[in-house]
Amino acid sequence: MTTIHDVRNQAMALSASERASLAHDLILSLDDPSTLELSPEREVEIRRRLQMVREGTATGRPADEVTEAMDRVCAQVGDQKDAFVATAARRTLERSEW
């Protein structure tokens, strides 16, 4: 049986652009994409950031640091983990800074 840890490790082995594409698909899977409404400004920002990933100029936090932080928070919310992840993904889309 594949665990979330296995999937996470496999995903982290992907290139930055592949991870960005996967993240995009996963976030969209949380809601019905037909109901997802982004302002034109957000669309422009998403395209800008995607271009940075593709060009190799994007910066971010180390994956281990992000994973550890998410694991700590998820452990605190226990059974509410799925709701937390969905909310966090939505907030990520809404933030002007990733």
Take Met1, Met70, Met12 and order them by how many other Cβ atoms sit within 10 Å, fewest up front. Met1, Met12, Met70
Could you compute the net charge surrounding Glu43? Neighbours are other residues with a C-beta less than 12 Å from the C-beta of Glu43; K and R count +1, D and E count -1. +1
HN-Hα J in Hz across the stretch 38-44 - Karplus 6.51, -1.76, 1.60, θ = phi - 60°, x for Gly and Pro: 10, 5, x, 5, 5, 4, 4
Neighbour-count ranking [beta-carbon atoms within 10 angstrom, fewest first] of His24, His5: His5, His24
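Laboratory data are not the source of any read-out in this text; all were calculated from the coordinates shown. Being a predicted model, the structure only gives us computed values, none of them experimental. Backbone-built Cβ (ideal geometry, glycine too); neighbour counts: all protein chains shown.
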